Structures are given as structure tokens and as C-alpha cells.
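**Student:** Here's a structure for you.
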Amino acid sequence: MFQTMFDRLLALFMCVILLVVLISGAFSLFSIRSAMIDSRMEGLLSQAREIAFLASRVDDSTIADYLNIQSSTMAYLQWKARTVYEDYGAYILIVDRNGRVMDNMQSAIEGSVDALQTLDAEDMSAALIEVLSGREVQTQITHDSQGPVFTVAVPWIQDDTVLGAVFIHTSSQIIEAEYHGLLLQIGIGFAFAALAAIIGTAFYTRGIVKPLTVITGAAEEMSRGRLNARAQVTGVNEVRQLAGAFNVMAEKLEQVEESRREFVANVSHELRSPVTSIHGFVEGMLDGTIPQEEYPRYLQIVFDETNRMKRLIADLLQLSRMDKGVDKLVLTDFDINELIRRVLIGRMNDIEEKSLNVQIDFYTEPCLVRADSDRISQVVHNIVDNALKFVFEKGSLTIRTSLLHDSTVAVVILNDGAPIAPEDREHLFERFYKADKAHTSGKGTGLGLSICKQIMDMHRQTIEVLPLESGAGFRFTLQLSHRQEPQKLESR
């Protein structure tokens, strides 16, 4: 029972709705009953005051002389008593100071024997004593057999003297009978309101739960390996945000899976080529296909291929460590100009072999930056290697630094080789991507720029390919050291 979220939410909402309806209904019934009783008591009190005024019109001040009072006033008084009985279900008693009932009022309460039986002599006496003092009285007396009885009493006064009291007496059953029909209508209204609320809640709950069910189904599809599963973006705003986040996650996972497959394929290709080459040359030497005098040449090729495999494996291990966050940066302050000079000195043979014109334009001397010097050295080596690899014979290699407005140093490395095609620029930092489509042996592993991008991301800096129409260029940024002297940074 209640195994699904829909059942549980619906049951919870129904309990809340029913509880609210019951509390509201009970409060409404109590308020209506109290209001009607108050209204009825106020009406009876008003009638009692009017009858007391009529009683005070009697000429003689004694009850014994009632037979001689003006006939028109007495007739109206009797008519008034009957009217109150018919309209309010109440009966009237007019008594003197001794508690004797006016004889001429007996006919006005004919048929009210049951009501008269609810009168209690002690209660009437207590009320009469209080009324004779000049105060109005409203009381509720509960009888075991008859239930609550409501009584109002007002003094009737003649010549500033209280001569007696007017009592109006009615049972609560008569009052309650009048609002039972109203209560039934209110109860039916609350029942329809509760039913409508429950139906609306059911649809609303279904609108919440159904998109979650769709998301759950899509997640189950993904768990079975179908990474192209997507959730429909519907429902309330929070559920739509959840579905949108799920779809973004699914898309990222699909991209990761595609990258993983491509990565495995590229690694397999990069390893298969040197392994195949090494296997073929060694096999040729073993079976005599390659003459012995050619051994040194082919052994050198085998040696170069093993070195390429070592570099590939080292690059893969480095990327894996950086992806896992194992490698941490060791931040120090160092001169980026001096680091660039050391890299160029280490590549002088390649520079002289191609008769290159090297141009260096440093913004300031020295230029201290805050970074991991070993990692930045690796970035400079990789970019310079690519620049030397694809520069034209007798071309130029340009390296310059500049200060950006946000206290970062920009390092730009350019060559005048073949320009990088626009369709290649956005993929150059992807793993195993090579703009050199021939994949010529010895041209690299295709991981160098990926490692550079990872290193710069670890520094929270940027590296980018410059959109040049001629030649190729890269730019990366570094954080300026706080130790850099301000006067060294003035514009030239």
C-alpha cells in the first residue's frame, strides 16, 4: 500500500484537505450557531423591552386591577405575545413583584404546556430578584430531559418603579431547528469543495510525478548503456529544471563516452604503429630478410619508435594524473623571460638547422610571474616544438610578452609557417587531434597541446590559438607576481 510517490503524495494531500475541511467546517458551524443564538437572543430581548413598555401603559399599578385597564392596550399586548410565540417559538410571562402571572396573558401561551414544564421555580425566582433591581437578564439553563433553555427577562416600570418583569422563554431545540437546514447546505458545500480539491490535487500530483517517472525511465535506459536517452522537459518549474539538468548530464556523459571510445581508438592506433614497425624490423633481422650490414640503420629506427612509445605512455600517465587531481602545482615567483631564453637555448640546433630568424620582444626586464615553473616550462617547450616543427625554412620565430589590464602577463609565440585552418583551431587542444593529417612518424603524439591546456586550466589561466591569416600563433597568460616592481611596468 502506498508504494508509489503518486499514492503517497495523493494520500498526504487528501488527509490535509480533509483535516482542513473538518476544522473549517467545525469552526464555521460553531460560529454560525453562536451568531444565530446571539441574534435570536437579541431579538427576544428587543421584544421583551417592547412588551415591558406596553405593560407599563396600564393605568393602575396593581395587578388586581388588570380587568380595568384600557382594552385596546391589553388586546395589543395579547396579540404581541401570540406573535412572539408564533415567530420565535417562545412564550411570554408577565409577572408582578410577587411572581404572579397576569391572568389575561394565559391565552397567549396556549399549546405551550411542554415548554412551560421546563420552567424552574428557583431559576425564575433568582431571575426575578435580579430584574426587580432594574437589570436585564439573559440566561441559559440546561435540563437533563429538555436540554438547554434560553430565557430573557426585562423589568417593566411605571412611574420610575419596577412593578414586575417580562420573561421570554424558549428552548435551544427551537433555535437549532432553524439552522439545521443551513448547516446541511454548508456541509454539502464543504463536501463538494473537498471533492473538487481532491480531484484537483490528484491532477496536480500526477503532473509532478509523471515527469519524475519519465526521468526515472530515462535514467534506467542510461543504466542499460543507452546514453542517448533524454527526459521530456515538462511539469512544474523545479521538475523542468531537474529534467533539463538530467539532459545536460546525459549529453555530457554521451560526449565523455564518445571521447573515451575515441581515446581508446587513438591510443590503440598510436601504439599499434610503432609496435608494428618494431615487430617488422626485428622479424626481418631474425629471418635474414634484412642483411646484417643494415642492422644499425633499422635498429636506430626501432630505438626511435620505442622512444616515441615512451613519450606517448608518459604523456598518457601525466594526463591521467592531472585528470584525477593527483599532480599539484608548486607555485613560485620566477622570471618568465629567463625561462623562455633557456628553452630557446635548448633548441638552438633546430633553429640553426632551419636558419630561422628569432625575434624576442619582452615587455619588461625582469618579468616575474607566479606559477609552477616546471609546468610552464613544459608548456613553452610544447608550443616552441610545434612552432619549429611547422615553420618554413629560413623563416622567423617570434616570442613576445605583454602586460594585460588585469595584472596578467600574456606570452605570444608566432611562426611564419603554414596557417592553421579555421576548422582545426577549435580542435587543437583535443587529445590525439593533429592538424597534420598525414600523421607522419615522429611528428608527435597528439597530446602535447592537450597537456598544455590542462596545465593552464590548473593555473586558472587561458591558452588559445590566434586567428592569423598567415603563420601560426599561440598565446597563454600567467599571473603577475606581487614582487614585480611597479616602475618596471610603466608603458614604453
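**Student:** Mind grabbing the accessible area of THR201 for me, 1.4 Å probe, Å², rounded to tens?
**Tutor:** Counting only protein heavy atoms, the figure is 20 Å².
**Student:** Continuing with the same structure: Ordered by residue, what ³J(HN,Hα) values in Hz, to whole numbers, does the range 152-159 give under the Karplus form 6.51 cos²θ - 1.76 cosθ + 1.60, where θ = phi - 60° and Gly and Pro are x?
**Tutor:** 10, 9, 10, x, 10, 10, 9, 6
**Student:** Give me the orientation-averaged projected area of the Cα convex hull of the range 301-368, in nm², one decimal.
**Tutor:** On the way: hull surface 29.0 nm².
With the hull built on Cα positions only, its mean projection is 7.3 nm².
**Student:** Which entries of LYS310/LYS389; LYS252/LYS310; LYS252/LYS328; LYS389/LYS453 show an alpha-carbon separation above 24 angstrom in the structure shown?
**Tutor:** Working: LYS310/LYS389 20 Å; LYS252/LYS310 31 Å; LYS252/LYS328 26 Å; LYS389/LYS453 19 Å.
Cα-Cα > 24 Å for LYS252/LYS310; LYS252/LYS328; rest within.
**Student:** Next question, about the same structure. Label GLN138 and LEU404 with points 7 Å out from Cα along Cα→Cβ: what is the distance between them in nm?
**Tutor:** 8.3 nm
**Student:** State the Cα centre-to-centre distance between the range 244-299 and the range 374-406 in whole Å.
**Tutor:** Computed from Cα coordinates, the inter-centre distance equals 29 Å.
**Student:** Length gain on complete extension for the stretch LEU29 to ASP457, per 0.36 nm per residue less the alpha carbon to alpha carbon distance?
**Tutor:** Separation in residues times 0.36 nm, less the Cα-Cα distance, equals 147.0 nm.
**Student:** Under the rule of at least 5 residues apart or a separate chain, name every residue whose amide H is placed under 5 Å from the amide H of THR462.
**Tutor:** Amide H neighbours of THR462: THR477.
**Student:** Next question. At 7 Å along the Cα-to-beta-carbon direction for both SER125 and ASP159, put a label point, then send me their distance in nm to one decimal.
**Tutor:** Spacing of the two 7 Å Cα→Cβ label points: 3.0 nm.
**Student:** Another one. Starting at the first residue of the range 300-311, write each ³J(HN,Hα) from the Karplus equation 6.51 cos²θ - 1.76 cosθ + 1.60 with θ = phi - 60°, in whole Hz, x for Gly and Pro.
**Tutor:** Along the range 300-311, the couplings run 5, 5, 4, 4, 5, 5, 5, 5, 5, 5, 5, 5 Hz.
**Student:** Give the peptides 297-306, 470-479 in descending order of average Cβ contacts within 10 Å, highest first.
**Tutor:** Working: 297-306: 14.2, 470-479: 19.2.
Highest mean packing first, the order is 470-479, 297-306.
**Student:** Follow-up question, since we're still on this one. Could I have the simple spin-label model distance between ILE360 and SER470, label points 7 Å from Cα toward Cβ, reported in nm to one decimal?
**Tutor:** 2.6 nm
The values are calculated or read from the model by the stated rules, or taken from the named source; none is laboratory data. Since the structure is predicted, the reported quantities are computational estimates derived from the model, not experimental observations. Cβ coordinates were reconstructed from backbone atoms using ideal geometry, including for glycine residues, and neighbour counts include every protein chain displayed. Note: areas computed on protein heavy atoms with side chains; ligands, DNA, RNA excluded. Shrake-Rupley method; radii C 1.70, N 1.55, O 1.52, S 1.80 Å.
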